[in-house]
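*Asks:* Once you've had a glance at the structure underneath, I'll fire off some questions.
The values are calculated or read from the model by the stated rules, or taken from the named source; none is laboratory data. Worth saying up front: this structure is predicted, and the values here are computed from it rather than measured. Here the Cβ is made from the backbone with ideal geometry for all residues, glycine too, and neighbour counts use every protein chain on show.
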Amino acid sequence: MRRIDWDEEGARWPGADATRFLDAGGLRWRLVRRGPKGAPPVLLLHGAGASAHSWAGVMEDLAADHDVIAPDLPGHGFSTLPAGRRQALPVMAREVGDLIDALGVSPDLIAGHSAGAAVALRLTLDGRAAPRLIYAINGALTPFRGLAGVLFPPMARALAANPLTPRAFALAASGDSDTARRLIRGTGSRIPEAGLKLYQRLFRNAAHVDGALRMMAQWDLEPLLEDLPELSCPLVLAVGEADKAVPPDQAETLAMRLPFAELERHDLGHVMHEEAPTRFAARIRERLAAAASASRARRA
């Protein structure tokens, strides 16, 4: 399957002027990096089916005083996924670890949206990163419940195993200009038209769809939940009260179980960092400053 061609498409995407490509961990990564050298580094990880564009508004604001890095995750957007490469959570976390090693950065804060939050946590638990804080935006951190927990993972695996599925979905999206609008609204969010057009371009690419399906098909969160009590840094669980993709009560349950976790509520949907990027840039900035101050106090 042919991935989106940067030479043909790159100018359409936010962050084109700050985009670079890098080989790490056997993958060809596309990442956007903004902000002054030497500033506190922040790593932003998007969710399944998205790309670095999801963070464009947050990056524009946060890069005023932070070194902000947002990659396309493996198999998503313009980043590659070699044939046969697994997309299980520990594998993806290791791949992101290889990327930040190649960049020579140690993020002070990692923010992850949805499945990206699980990657951030696994990355940290496995010792590949040591952030002061993890900021999870509507983190997809617990398995589907009830009948969905029985049906959805096998369905995703079956879809990912069929090479025709990504092509069929991409073909359908090519003939239906409202695919992205329906999917995003189905999560409880309303985002700008420019963002919808970018999602529509992603959904029309079979290689991107294949990467997202493989990620969902191989996702196993039970080991992550077992290991979470060992997390060595604070965790903020930012939840959208209107989120229809990840029920807010899942984060509430986690916050009660984990003494180092703090719940932060917002009146928005699943992709709320795209709905209110200025708000979330401010929250990330404030949270990181508070974590740095607490760290200095502990050393004093």
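*Asks:* Can you go through Asp243, Asp227, Asp220 and tell me which one is within 18 Å of the chain's Cα centre (by Cα), closer than 21 Å to Arg128 by Cβ and of a type in the set (D, E, K, R)?
*Replies:* The match here is Asp220.
Every residue, every condition in (1) touching a His at 6+ places or on another chain (Cβ under 6 Å); (2) assigned to a helix (DSSP H, G or I); (3) of a type in the set (S, T, N, Q), yes or no:
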residue: His270; (1), (2), (3): no, no, no
residue: Arg279; (1), (2), (3): no, yes, no
residue: Glu286; (1), (2), (3): no, yes, no
residue: Ala290; (1), (2), (3): no, yes, no
residue: Ser293; (1), (2), (3): no, yes, yes
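*Asks:* Since Leu213 meets every condition but one in (1) under 27 Å from Glu275 (Cβ atoms); (2) of a type outside the set (Phe, Trp, Tyr); (3) crowded, with 22+ Cβ neighbours inside 10 Å; (4) in contact (Cβ under 8 Å) with a residue 60 or more places away in the chain, which condition does it not meet?
*Replies:* Just one mismatch for Leu213, condition (4).
*Asks:* Further question: Return the residue satisfying two criteria in turn: it lies in region 16-26 and is at pLDDT 95 or above and not polar (S, T, N, Q), and of such residues it is farthest from Arg85 (Cα to Cα).
*Replies:* Asp17
*Asks:* Could you pull out the residue among Glu222, Glu193, Glu226 that is closer than 16 Å to Thr142 by Cβ and free of Cβ contacts under 8 Å to residues at least 24 places away in the same chain?
*Replies:* None of the others qualify; the one that does is Glu226.
*Asks:* I'd like to know if region 40-56 contains one or more residues that are at pLDDT 95 or above, under 14 Å from Ile284 (Cβ atoms), more than 15 Å from the chain's Cα centre (by Cα) and not aromatic (Phe, Trp, Tyr).
*Replies:* yes
*Asks:* Is region 137-146 home to any residue that is aliphatic (A, V, I, L, M), at pLDDT 95 or above and surrounded by 20 or more Cβ atoms within 10 Å (Cβ to Cβ)?
*Replies:* Yes, there is a match, as at least one residue in region 137-146 is aliphatic (A, V, I, L, M), at pLDDT 95 or above and surrounded by 20 or more Cβ atoms within 10 Å (Cβ to Cβ).
*Asks:* Which condition from (1) in contact (Cβ under 8 Å) with a residue 60 or more places away in the chain; (2) in a loop (DSSP other than H, G, I, E, B); (3) not aromatic (Phe, Trp, Tyr) is the one that Lys37 breaks?
*Replies:* Every listed condition holds for Lys37 apart from (1).
*Asks:* Something else now. Filter region 188-210 for residues that are of a type in the set (Lys, Arg) and either surrounded by 22 or more Cβ atoms within 10 Å (Cβ to Cβ) or touching a Pro at 6+ places or on another chain (Cβ under 8 Å) (or both) and give the result.
*Replies:* none
*Asks:* Here is a follow-up. Among the numbered conditions (1) of a type in the set (Lys, Arg); (2) more than 29 Å from Asp5 (Cα to Cα); (3) touching a Gly at 6+ places or on another chain (Cβ under 9 Å), tell me where Arg122 comes up short.
*Replies:* Every listed condition holds for Arg122 apart from (3).
*Asks:* Name the residue, out of Asp220, Asp210, Asp227, that is modelled with pLDDT of 95 or more and among the charged types (D, E, K, R).
*Replies:* Testing whether each residue is modelled with pLDDT of 95 or more and among the charged types (D, E, K, R) leaves just Asp227.
*Asks:* Sort out which residues of region 189-244 are in a loop (DSSP other than H, G, I, E, B) and among the aliphatic types (A, V, I, L, M), and write them in order of number.
*Replies:* Ile191, Leu221, Leu231, Ala242
*Asks:* Just for region 41-63: of the residues that are among the small types (Gly, Ala, Ser) and not in a helix (DSSP H, G or I), which one is nearest to Ile191 (Cα to Cα)?
*Replies:* Ala50
*Asks:* Cβ-Cβ below 9 Å, separation at least six or inter-chain, first residue in region 282-296 and of a type outside the set (Phe, Trp, Tyr), second in a helix (DSSP H, G or I): which pairs?
*Replies:* Sorted first by the residue in region 282-296, then by its partner, the pairs are Ala282/Asp61; Ala282/Leu62; Ile284/Val58; Ile284/Leu62; Arg285/Asp61; Arg285/Leu62.
*Asks:* Take the residues in region 72-123 that are of a type in the set (Val, Ile, Thr) and crowded, with 23+ Cβ neighbours inside 10 Å; name whichever of them is farthest from Glu274 (Cα to Cα).
*Replies:* Val96
*Asks:* For region 254-288, give me the residue count where each residue is closer than 30 Å to Ala194 by Cβ and either small (Gly, Ala, Ser) or surrounded by 14 or more Cβ atoms within 10 Å (Cβ to Cβ) (or both).
*Replies:* Final tally of qualifying residues: 21.
*Asks:* Of everything in region 229-247, what is free of Cβ contacts under 8 Å to residues at least 60 places away in the same chain and either under 25 Å from Val91 (Cβ atoms) or not aliphatic (A, V, I, L, M) (or both)? Give them in sequence order.
*Replies:* The answer is Pro229, Glu241, Lys244, Pro247.
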